[in-house]
Amino acid sequence: MQKIKNVFDVGTTSFRKNALSVAEAGLRAIDTRRVIEKAIEWNGSDLLIKGMPWRSDKGKIFFVGVGKCATEAAIAIEQILSDKLDSGIVLDICDPYLFSNKIRFIGCTHPLPSSKNVSAAGEVVNFLKRVRENDLVIFVISGGGSTILCLPNSKDCGEEKTIMKRLIAVGATISEINTVRKHLSLLRGGQLLKYSYPARSVSLIFSDVPGNDLGFVASGPTVFDETTVKDAKKILDKYEIWEDCTTLGCGLLETTKDKKYFEKATNVLAVSNMLALKAMHDEAKRLGFEARIVTDRFEGEAREIGQNIVEDINRSPHNSVLLYGGESTVTIDHVGRGGRNCELALSALRFLGDNEGVVALASDGRDNGVYAGAIADKEGKEKADDLKLDIKQYLANHDSALFFEKTGDYLMSGYTGSNVSDLIIAMKC
């Protein structure tokens, strides 16, 4: 089954078909169910997780899934463990779309928290109260988990919602945003483990963070936190938010530094964007291109990255494919309709040569809206000219999604249930 649902509508040239085939290979490689099936095995007496044995005959096995990969992971884990699984709970950003006798599914809001998230986070705490010392808790932690695990002291998410809106608007990096988030919740920054202690735990972490620092994926709910309230204050001060915190209340919380909670906890990188990039590299080679992974950790303004990527492909020889993974930002000075991937592609469109193209997509299928991203190439430029669309004006208005709606060059995947950052393909024939 194709991950990109409108591939036949968009793939109208051999150039586009090749580019979309490369993108499809990346999305297939990070399929959450496939990742879990490779990571977890029950061999009759031992539970093997990433090759490590976890004897469970003395206790029960519980499952807690948080983030954009949680539901798909839960499906695979329940199939693998069957009657060995006692029970579980899933907090995902999608509405629950399946039923299980053992696992409870709760839908949460994203990218901003809500009272629904606060309630769901409280349900995780209640669920973990049944865990005992000899038990094993399998956590699946993935992007989107930061927003979901909103549990402030006040039980009111309004303060965090205001702060997040402002940090996103000024283009703060994901590490900056998650440093602040860690100190606004009782569950982030390693604090989720306080509620599963003293049981053993293993966390399979699906990284969407440039550089794969596990402490920043979903704000590190099962990872010892090296940051402090002081670090969070510095970031708020940098973006001139701290000065307003008297009004906001700004109830920053220190994360636990007691290492006893981490002694029986194991954190494992289950998947990162490198898995997608390698699969894309192999597919490009199969199609006859010279392929190169440029970086797995780009950051910065989407429109600037788009321009830089075109400069890279301009300098490359014919028959080249350049691959990028990471997460850009968009500094919002005008509220339009678009996402960072569509904006990156639209920016790239200005500078592409006739035999060059860029595909930019969000691996979770949600580029701040219903589209996963967009494709930019000569054909798209010609359609824009025929429709008399002013690229610079659409960029100025942050209306990239609207632009690609008009040209028909948006990518539609729906909610993928996977998440490893954004993926960019630059191609030159």
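Side notes on the structure shown:
- Gly251 being in contact (Cβ under 8 Å) with a residue 40 or more places away in the chain and not in a strand (DSSP E or B): yes
- One residue from Gly357, Gly338 being touching a residue at least 24 places away in the same chain (Cβ under 8 Å), more than 28 Å from Leu112 (Cβ to Cβ), crowded, with 24+ Cβ neighbours inside 10 Å and not hydrophobic (A, V, I, L, M, F, W, C): Gly357
- Residues that are in a loop (DSSP other than H, G, I, E, B) and either of a type in the set (Gly, Ala, Ser) or closer than 18 Å to Asp409 by Cβ (or both), drawn from region 299-348: Ser316, Gly336, Arg337, Gly338, Gly339
- Residues (part of a helix (DSSP H, G or I) and without any contact (Cβ under 8 Å) to a residue 60 or more places away in the chain) located in region 108-144: Ser115, Lys116, Asn117, Val118, Ser119, Ala120, Gly122, Glu123, Asn126
- Scanning region 37-60 finds one or more residues that are out of contact with any strand residue (DSSP E or B) (no Cβ under 6 Å at 6 or more places or on another chain) and either closer than 20 Å to Val420 by Cβ or surrounded by 20 or more Cβ atoms within 10 Å (Cβ to Cβ) (or both).
- Taken over region 364-388, the criterion of being out of contact with any strand residue (DSSP E or B) (no Cβ under 6 Å at 6 or more places or on another chain), outside any helix (DSSP H, G or I) and surrounded by 17 or more Cβ atoms within 10 Å (Cβ to Cβ) is satisfied by Asp364, Gly365, Arg366, Asn368.
- Residue identified as aromatic (Phe, Trp, Tyr) and surrounded by 22 or more Cβ atoms within 10 Å (Cβ to Cβ) among Phe105, Phe63, Phe99: Phe63
- Residue list for region 378-429, restricted to those being under 24 Å from the mean Cα position of the chain (by Cα) and of a type in the set (Val, Ile, Thr): Thr416, Val420, Ile424, Ile425
- The set of residues in region 2-12 being out of contact with any helix residue (DSSP H, G or I) (no Cβ under 6 Å at 6 or more places or on another chain) and not hydrophobic (A, V, I, L, M, F, W, C) consists of Gln2, Lys5, Asn6, Asp9, Thr12.
- Leading residue by the ranking (farthest from Glu133 (Cα to Cα)) among those in region 80-98 that are among the charged types (D, E, K, R) and not in a strand (DSSP E or B): Asp95
- Residues of region 262-317 that are in contact with a Lys or Arg (Cβ under 6 Å, 6 or more places away or on another chain) and not basic (Lys, Arg): Val268, Ala291, Ala302, Ile313, Ser316.
- Checked against (1) out of contact with any helix residue (DSSP H, G or I) (no Cβ under 7 Å at 6 or more places or on another chain); (2) not assigned by TED's automatic domain parsing to the domain that holds Leu322, Arg286 passes all but condition (2).
- Residues in region 320-335 that are more than 16 Å from Gly365 (Cα to Cα) and surrounded by 15 or more Cβ atoms within 10 Å (Cβ to Cβ): Ser320, Val321, Leu322, Leu323, Tyr324, Thr329, Val330.
- Leu344 over 29 Å from Gly215 (Cβ atoms) and not assigned by TED's automatic domain parsing to the domain that holds Gly171: no
- If you go through region 23-79 and keep only what is among the β-branched types (Val, Ile, Thr), closer than 30 Å to Ala360 by Cα and not in a helix (DSSP H, G or I), you end up with Ile30, Val66.
- When Ala23, Ala70, Ala74, Ala19 are screened for being under 20 Å from the mean Cα position of the chain (by Cα), crowded, with 23+ Cβ neighbours inside 10 Å, not acidic (Asp, Glu) and not assigned by TED's automatic domain parsing to the domain that holds Asn267, only Ala23 passes.
- Qualifying residue in region 263-273 (condition: in contact (Cβ under 8 Å) with a residue 60 or more places away in the chain, in contact with a Gly (Cβ under 7 Å, 6 or more places away or on another chain) and assigned to a loop (DSSP other than H, G, I, E, B)): no
The values are calculated or read from the model by the stated rules, or taken from the named source; none is laboratory data. Source: prediction; values computed, not measured. Please note: Cβ atoms are built from the backbone with ideal geometry, for glycine as well, and neighbour counts cover all protein chains shown.
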